[in-house]
Amino acid sequence: MEKMILTGQSTTDGAGVKLFRVFANDNAKLTDPFLLLDNFGSDRPEDYIRGFPWHPHRGIETVTYMLEGKVEHEDSIGNKGTIGTGDVQWMTAGSGILHQEMPPLQEGMMQGIQLWVNLSSKNKMTPPKYRGITSQEIQIIKKDGVEIKIISGTYDNKKGPVKDLNVDVEYFDVSMDKGKTITFDLKKEYTTFCYLVEGEGYFEGSIVKRRQLILFKDAVNLTVVANENLRFMFVSGMPINEPIAWGGPIVMNTREELQTAFDELEQGTFIKTNRL
């Protein structure tokens, strides 16, 4: 088993949204099939109000999970609405999509997690697909001071609402009371990580703190002990093991495919399915 701790950095994205980037381009081979993990959020509207205006994606899936507050969204295949606390937007960009995510002015904390999942070469140009999952649809397991929200994958014979994925991904939101322990059975060939939103704990003997991520390769189980009240994202997926050509919001296999995508953006032929 290999394990390592990643510590990200504060940055800005979109039209000036302040966020914490846990991993991105530099770790893409290491975190395969996951490309990027951002933790955005603030209780100061000036940190988020400019949002993420219209922008393209191709070749990936973007997963937005709201921890607190809300974000309004709209895309080029006709979806429009609000992602509220505990809701998930799982979007397959595939052959190409334009979308925007704009947090409205709100009281208190606005916070969420965005994960990018890569698509294999055979699925890079699949038709775009949108999945909007409300908090009420997410299975929750509660027992002995531990709560697990199952977004995708299966835990204790309960399945998450996100299905029919291009890449097999387990995504759980786990909260633990101080002193509690939990063990996960892992799929040996999968890349697995835990990102700490709150608290501190031991993950297979390594101490991990808030805003740190611990990454596992070829592990068969994972035991977590909460040193204090703890909340973390558990994410696991099968690596794709293909070349990565990354250009901003577009991730393909070759530089030529990237150039084609940007040429099509300029020529107005990027979107293959358009309902706006």
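Bear in mind that the values in this text are calculations on the coordinates, not laboratory data. Being a predicted model, the structure only gives us computed values, none of them experimental. Cβ sites come from the backbone with ideal geometry, for glycine too, and all protein chains shown count toward neighbours.
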Calculated P(r) of the range 17-82 - Cα pairs past 14 Å, %: 69 percent
Once phi is turned into ³J(HN,Hα) by the Karplus curve 6.51 cos²θ - 1.76 cosθ + 1.60 with θ = phi - 60°, what whole-Hz value does each residue of the range 100-113 show in order, with x for glycine and proline? 9, 10, 10, x, x, 5, 8, 7, x, 7, 10, 8, x, 10
Rounded to the nearest Å, what's the spacing between the alpha carbon centres of the range 16-90 and the range 195-240? Just the number, please. 21 Å
Cβ-based exposure ranking for Tyr48, Tyr65, in which fewest neighbours within 10 Å come first: Tyr65, Tyr48
Tell me, what ³J(HN,Hα) does each residue in the range 231-244 have, in order and in whole Hz, if you take phi through Karplus 6.51 cos²θ - 1.76 cosθ + 1.60 with θ = phi - 60° and put x for Gly and Pro? 9, 8, 8, 9, 9, 9, x, 6, x, 8, 6, 10, x, 10
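When the Kirkwood radius is taken over all Cα pairs of the range 2-267, what Stokes-Einstein diffusion coefficient follows at 25 °C and 0.890 mPa s, in µm²/s? Don't jump to the answer; show the numbers that get you there.
Values: Rh = 18.8 Å.
Roughly 131 µm²/s, to the nearest whole number.
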How far, in degrees from 0 to 90, does helix 255-267 lean away from the longest principal axis of the Cα atoms of the chain, to the nearest 10? 60 degrees
